[in-house]
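Single-structure report; data block below.
Only the coordinates and a few stated rules stand behind these numbers; no lab work does. As the structure is a computational prediction, the values presented were derived from the model and not from experiment. Reconstructed Cβ throughout: ideal geometry from the backbone, glycine too, with neighbour counts over all protein chains shown.
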C-alpha cells in the first residue's frame, strides 16, 4: 500500500460536499460547494508530500484498494467579531479518518476545537496555536 501511495495522486473534478442530516444537523442534506484548493497549493511539492504522508499513516490502520481524499481550505474570518463555534457546528464527518491542519493564525482570539465521543459526553477541548499543528482522528473502527 505504501508504494502505491508514493506513486501517485490523482485529482478528480471539483464536486460538492454533502453529508446526511444524521451526521451534520446544521448543514446536512445540503449540497455545498467549497472553493477548490488553490492551484498554487495543489501544485506545491509540500502539499503532495503532506497528503502522501497522512495517507501512508492511515493505510497502516486500514488498508483499502483506493483512497478518496476530500480537502477544504477553511478560512475563518473573525474581523466582524468573536465567533463562538466554527462554521460547521457540532457534527460527525461520516468518514474513516480526519486530519485538521492549522497553517497559521493571525490576530485571532478563540478558535477552540472540540472533539467529543459520538457515544457519550466525554471529549476534549483545545486551541491549535502553532503553525502546522495537526489533529488526526480515526472516526470509525
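Calculate, in nm to one decimal, what residue 114 and residue 73 gain on full extension: separation in residues at 0.36 nm each, minus their alpha carbon distance.
Details: separation 41, 0.36 × 41 = 14.76 nm, distance 1.88 nm.
Here the segment from residue 114 to residue 73 would lengthen by 12.9 nm.
Please say if the stretch 94-141 is rounded, prolate or oblate, where rounded means a/c under 1.5 for a ≥ b ≥ c the square roots of the C-alpha gyration tensor eigenvalues, and otherwise the choice is prolate for a/b larger than b/c and oblate otherwise? Before the final figure, lay out each step's value.
Working: a/c = 3.42, a/b = 1.63, b/c = 2.10.
Cα axes put the stretch 94-141 in the oblate bin.
At a Förster distance of 30 Å, what's the computed FRET efficiency of residue 122 paired with residue 53, Cβ-Cβ distance as r, to 0.05?
Values: r = 29 Å, r/R0 = 0.98.
That pair, residue 122 with residue 53, gives E of 0.55.
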Subject >> 113, 31 arranged by Cβ crowding within 10 Å, fewest neighbours leading >> reply: 31, 113
